């Protein structure tokens, strides 16, 4: 069975984006950003029209992966409050992949854990994940969104590995969040929409990242990988480019793994 979906106005263009009011599939040229996801040309031109019950998707329906990621982060945070020492088992430190602190597993456990003492850490990250995820996930689909999110998270740890002082320990979803910021910027430009606000938001958050105690290195790593992944997704949208898209995503992954292996070959094994 062919499950390929195409734009209702441009049948030659493959897409995974659907109008959040009428559910018709639309390509990037036909899509207009709405409150959640995108609108087709007809619904975009009549925003005051009351949509029929059942056609308007809720944020949860439109972005279930985003809500699942938020739920995991919140559950881990609750566990940290009940068992404060748990953070020592989850944090990542750039001291080599052959040690507990620098293992590849820690890269991802640290991305779901947050500061035990500063609740604003998880609140800001989860708010950002909600805002960005509920827009980006409906645009690119669940699987591509997961690839984007985890590639950015991985790159955040690689940024710490290469740029932070030896023994730096980090927690938080910030690397993945910055990847989503970069991705949304790329998608806005691909859609030929005004991206001015995203440049400002990214710039402000990058500057704030240099406050002592914040791992700006993870922000930069996630930003670069998120932008690279989004570039591949945004500019290989046509049906005949499916293999090119897979090749591009595979290349991003290979580069990240290569950087991880090379970086760890240079890092001394130390004990925190």
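Some notes on this structure:
- Evaluation of residue 195 against the conditions (1) out of contact with any strand residue (DSSP E or B) (no Cβ under 9 Å at 6 or more places or on another chain); (2) at pLDDT below 90; (3) within 18 Å of residue 170 (Cα to Cα) shows that the sole unmet condition is (3).
- Tally of residues being without any contact (Cβ under 8 Å) to a residue 40 or more places away in the chain, in contact with a helix residue (DSSP H, G or I) (Cβ under 8 Å, 6 or more places away or on another chain) and assigned to a helix (DSSP H, G or I) across the range 229-245: 2
- Condition check for residue 109: at pLDDT below 90 and more than 15 Å from the chain's Cα centre (by Cα): no
- Single condition residue 252 does not satisfy, out of (1) part of a helix (DSSP H, G or I); (2) at pLDDT below 90: (2)
- Hey, residue 129 under 22 Å from the mean Cα position of the chain (by Cα), touching a residue at least 40 places away in the same chain (Cβ under 8 Å) and farther than 21 Å from residue 254 by Cβ or not: yes
- Exactly one residue out of 74, 78, 48 is surrounded by fewer than 12 Cβ atoms within 10 Å (Cβ to Cβ) and modelled with pLDDT of 85 or more, and it is 78.
- Here is the figure for the range 98-119: residues that are out of contact with any strand residue (DSSP E or B) (no Cβ under 9 Å at 6 or more places or on another chain) and within 19 Å of residue 71 (Cα to Cα) total 7.
- Only one entry in 221, 248 is touching a residue at least 12 places away in the same chain (Cβ under 8 Å), assigned by TED's automatic domain parsing to the domain that holds residue 152 and closer than 14 Å to residue 147 by Cβ, namely 248.
The values are calculated or read from the model by the stated rules, or taken from the named source; none is laboratory data. These numbers come from a predicted model, not from an experiment. So basically every Cβ, Gly included, is an ideal-geometry build from the backbone, and we count neighbours across all protein chains shown.
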